[in-house]
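All of the numbers you see were taken from the coordinates with simple rules; none came from a lab. Every value quoted in this text rests on a predicted model; they were computed, and no experiment measured them. Note that we place each Cβ from the backbone using ideal geometry, even for glycine, and neighbour counts take in every protein chain shown.
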């Protein structure tokens, strides 16, 4: 009976004061956290969220760094291959073009979308979301772009493409003279910056900031 009374009491509160555990579905009051503190579910111990410092500024810096790395990562040579006197330099873009010209248009489109188009769209959506918060304009559009970003998250597969590159390097190293290019370094850096951005750009703080609750922006 006590649980039902507690549940009834929570049901009368505004939704923005409640939080549900993603693991056990426990509904509870949203705790007020100071910078650096984290909230855990009292039932299962799952980390609900962490209140991060300067979320918007740090995320903006990482987004801009990722955008700067995007062009060299995709258009500078990843590796140079010397085989039987023939030399070729391969980039992510040349790989897409090569697949398309080899009558594998479907594979070329999938590789282009997952390794180039979707990661760029994700970064642009994140940039627009962060600018809408930092400049306090277009919050409605910011919410739209943030929803689009969440739908795109499962389609960006830079890590899968990187694994393919590493496998190709290992196999080709025994049959040809292979040298790595600056494009591979930029590609790895881009992947690491995007992972760092995923961790830094705290979802609950961004949602609250977009809804107008500045205290949760961590700016």
Inset, instruction - Report the extension gain between residue 94 and residue 44 in nm, rounded to one decimal, defined as 0.36 nm multiplied by the number of residues separating them, less their alpha carbon distance. - result: 13.1 nm
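Using the 10 angstrom Cβ neighbour count as an exposure proxy, how do 187, 112, 145, 75 rank, fewest first?
75, 112, 145, 187
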